[in-house]
Amino acid sequence: MSDAFLHAVDRMAGQMREGETPTALHSVRILKVTTTGELTPELQKPVVSLILQGEKRLTIGSNVLHYRAGDTYAAAIDLPTRIEILGCSRSRPYMAVTLRPDPALIGDLARRSEPGAPVSGMRAFAVHSADAELLDAYRRLLRLLDRPDDLDVMGPLIEREILFRLWQGPQRPVLRKIAENSGRNSGIEPAIALIRSGYTAPLLAADLAKASGMSIATFYRRFKAETSMSPLQYRTRLRLYEARRRLLAAPTHVARLAFDLGYESASQFSREYVREFGVPPARDAARMHATMAG
């Protein structure tokens, strides 16, 4: 990154509060974290992000993505994601800018470019280094955040430029999936919506495949390729991440929580929780609350 870019990041780090801050450009947010460690797992929406300072590790299914300042991350579908911030401090916080991409803008870029190779069956998320032109577009966007009148006019133009730069680079397959998911041939997205809306209920493969307009075999193959999870693993992570969120929010009886989330037994819930997070739910809750109190 250039000296001008680093100066802009330093200035922003001093102005921003801890956590995620919305900007006047509704699609753009800034994240600041000063404490190393794992954030609350989440169902991550389609996003394009650039790390401005620091390092981050994402776990999505069987994939672990480690990336740092100057790297971009793009995701085309809703993904259960574990997030760990690495090596930050109050004097040097982790900083990132996230953009919720507009499928209509990406669709327009797709119509104006040469037809690309089919992207079905390819992973729906990726990390790549940002080139100089993309970093320059982000630098100009960050400069506008303190100038709301300019941001109102120039912000959407720079947002479009950022998507254009990403489209011209190695993130194109992920962006193409974002555009495709908003159209009639929306791939596995209907099945993901079905899992999300009923993740506490039994999971029927035939229903998921039918929602996506595929045979069961084709659906399973494509779902695993794009999410790095089977549909059952996807649902399990939704349950476990919601469980951890609830345990962090308030003291909860483990057995009641298990049944609320659709488990047939508390022991099954505890086994899966330990497999994902390394410790039983009650002990994990006590540890998280002790960390917050400290």
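The values are calculated or read from the model by the stated rules, or taken from the named source; none is laboratory data. Everything numeric here is computed off the predicted structure, so don't read it as measured data. Cβ placement follows ideal geometry from the backbone for every residue including glycine, while neighbour counts extend to all protein chains displayed. Accessible surface is based on the protein model in full, side chains and every heavy atom, while ligands, DNA and RNA are left aside. Shrake-Rupley method; radii C 1.70, N 1.55, O 1.52, S 1.80 Å.
Here are the numbers:
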| read-out | value |
| --- | --- |
| Inter-label distance for SER113 and ARG160, nm, one decimal - labels placed 7 Å from Cα along Cα-to-Cβ | 1.6 nm |
| Of GLY155, GLY278, GLY198, the one that fluctuates the most in a GNM where the chain has Cα springs shorter than 10 Å | GLY278 |
| Area of ASP152 that stays accessible when all protein chains are in place (1.4 Å probe, Å², to 10) | 120 Å² |
| Accessible-area ranking of LEU141, LEU248, LEU6, largest first, probe 1.4 Å | LEU6, LEU248, LEU141 |
| Neighbour count of at most 15 Cβ within 10 Å plus DSSP loop: longest GluC sites (Glu not before Pro)-free window in the chain | 19-263 |
| Residues of the stretch 132-163 with amide N under 14 Å of the 7 Å Cα→Cβ point at HIS7 | 140, 143 |
| Residues in the stretch 128-152 reached by a label modelled at ALA24 [backbone nitrogen below 20 Å; 7 Å Cα→Cβ] | 137-152 |
| Accessible surface, per residue, of the chain when the full set of protein chains is kept, probe 1.4 Å, Å² | 49 Å² |
| Residue among LEU175, LEU163, LEU204 with the largest mean-square fluctuation in a Gaussian network model of the chain, springs linking Cα atoms under 10 Å | LEU204 |
| Part-to-part distance (alpha-carbon centres) for the stretch 208-228 and the stretch 3-64, which is given in Å | 32 Å |
| Per-pair calculated FRET efficiency, R0 = 35 Å: ARG196 and MET16 via Cβ, rounded to 0.05 | 0.70 |
| Solvent exposure ordering (accessible area, 1.4 Å, most first) of HIS66, HIS26, HIS7, HIS289 | HIS26, HIS7, HIS66, HIS289 |
| Trypsin sites (Lys or Arg not before Pro) within the stretch 180-287, DSSP loop, no more than 16 other Cβ atoms inside 10 Å | ARG184 |
| Modelled FRET efficiency - R0 35 Å, THR35 with ALA255, Cβ distances, 0.05 increments | 0.65 |
| Accessible-area composition of the chain, carbon plus sulfur, in percent [1.4 Å probe] | 52 percent |
| Length added when fully stretched, SER91-GLU42, from 0.36 nm per residue minus Cα-Cα | 15.0 nm |
| Cα gyration tensor, the chain - rounded (a/c under 1.5), prolate or oblate | oblate |
| The chain - mean residue ellipticity at 222 nm from DSSP helices (-39,500 (n - 2.57) per run, n ≥ 4, rounded to 500) | -15500 deg cm²/dmol |
| Cut-off under 5 Å, modelled amide H: who pairs with GLN53 long-range | MET95 |
